[in-house]
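Below: the structure, in C-alpha cells.
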Amino acid sequence: MSQETVELLQTYYNAFNAQDMDTFLSLLTDDVIHDINQGNREIGKDTFATFMDRMNKNYKETIVDIVVMSNPSGDRAAVEFTVLGEYIATDDGLPEANGQAYKLPAGAFFDIRDGKVARVTNYYNLEDWIAQVSA
C-alpha cells in the first residue's frame, strides 16, 4: 500500500467530517471525475463543489469505520466506511425529509494523480437508504 495515498484519503474524509469544504476541495484535481451512486458522471472541481453544496444542504453526515486500501503505486485506492446521517431537507426525487437518522455501509473507489483525487466513485445501497428514511 502507498502511505501517501492512505494519508491523502484520511485527510479527505477528515475534511468531509469537519465540513471543511476548502480543504476537502483542495484535495481534488481541477478535472476530477465524480461518479455518483446510481447517477451520472460529473467532471470538474466546480461541479463537485456544487454537488457538495446540495449534499450539505440536505444531509448531515459523518463517515466512520474508515478502512483505506491502495495499490502499491498509490494511483488507485478503495475505501470502505459507514455513513451516519440525518436527512435534514428533502432532496429532489427522494422521500420527504423530517430529520430521519440513517446508518449506511458504503464504499468509494479512487484514482489518484499528482497527490490529489482525480476520480471518486461512490457506492451505497440506495434502496436500503430509502427504506431507512421511509420507516
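The values are calculated or read from the model by the stated rules, or taken from the named source; none is laboratory data. Being a predicted model, the structure only gives us computed values, none of them experimental. Cβ atoms come from the backbone with ideal geometry, glycine included; neighbour counts cover every protein chain shown. For accessibility, only protein heavy atoms count, side chains too; no ligands or nucleic acids. Shrake-Rupley method; radii C 1.70, N 1.55, O 1.52, S 1.80 Å.
Scan the range 6-56 for residues that are in contact (Cβ under 8 Å) with a residue 40 or more places away in the chain and in a helix (DSSP H, G or I) and jot them down.
Correct list: V6, L8, L9, Q10, Y12, Y13, F16, N17.
Residues S26, S70: which one is under 15 Å from the mean Cα position of the chain (by Cα) and farther than 24 Å from D128 by Cβ?
After ruling out the rest, the residue left standing is S26.
Starting from residues that are small (G, A, S) and either farther than 30 Å from N98 by Cα or touching a strand residue (DSSP E or B) at 6+ places or on another chain (Cβ under 7 Å) (or both), keep the ones in the range 23-77 and report whichever is surrounded by the fewest Cβ atoms within 10 Å (Cβ to Cβ). Even if it seems obvious, please write down each step before you answer.
Residues of the range 23-77 that are small (G, A, S), as a first pass: 26, 39, 44, 49, 70, 73-74, 77.
With the extra rule that they be either farther than 30 Å from N98 by Cα or touching a strand residue (DSSP E or B) at 6+ places or on another chain (Cβ under 7 Å) (or both), the set shrinks to 26, 44, 70, 73-74, 77.
Values: S26: 12, G44: 15, S70: 21, S73: 9, G74: 16, A77: 22.
Of everything passing the filter in the range 23-77, S73 is surrounded by the fewest Cβ atoms within 10 Å (Cβ to Cβ).
How about the range 79-108: which of its residues are without any contact (Cβ under 8 Å) to a residue 40 or more places away in the chain and farther than 21 Å from K57 by Cα?
Those that are without any contact (Cβ under 8 Å) to a residue 40 or more places away in the chain and farther than 21 Å from K57 by Cα: E80, P105, G107, A108.
For residues that are in contact with a helix residue (DSSP H, G or I) (Cβ under 8 Å, 6 or more places away or on another chain) and open to solvent by less than 10 Å² (accessible area, probe 1.4 Å), scanning just the range 106-121, find the one that is farthest from L84 (Cα to Cα). Please lay out each step first, then the result.
The initial filter retains those residues of the range 106-121 that are in contact with a helix residue (DSSP H, G or I) (Cβ under 8 Å, 6 or more places away or on another chain), namely 110, 112, 115-117.
Narrowing the set further to residues that are open to solvent by less than 10 Å² (accessible area, probe 1.4 Å) leaves 110, 117.
Values: F110: 21, V117: 23 Å.
Checked the range 106-121; the qualifying residue farthest from L84 (Cα to Cα) is V117.
In the set P95, P105, which member is in contact with a Ser or Thr (Cβ under 7 Å, 6 or more places away or on another chain), farther than 22 Å from T29 by Cα and in a loop (DSSP other than H, G, I, E, B)?
Working: P105 fails: in a loop (DSSP other than H, G, I, E, B).
P95 is the lone residue from the list that is in contact with a Ser or Thr (Cβ under 7 Å, 6 or more places away or on another chain), farther than 22 Å from T29 by Cα and in a loop (DSSP other than H, G, I, E, B).
How many residues, within the range 57-80, are out of contact with any helix residue (DSSP H, G or I) (no Cβ under 7 Å at 6 or more places or on another chain), on the phi < 0 side of the Ramachandran plot and outside any helix (DSSP H, G or I)?
From the range 57-80, those out of contact with any helix residue (DSSP H, G or I) (no Cβ under 7 Å at 6 or more places or on another chain) are 57-61, 64-65, 67, 69, 71-73, 75-76, 78, 80; that's our starting set.
If we keep only those that are on the phi < 0 side of the Ramachandran plot too, we end up with 57-61, 64, 67, 69, 71-73, 75-76, 78, 80.
Next, only the ones that are outside any helix (DSSP H, G or I) stay: 59-61, 64, 67, 69, 71-73, 75-76, 78, 80.
Number of matching residues: 13.
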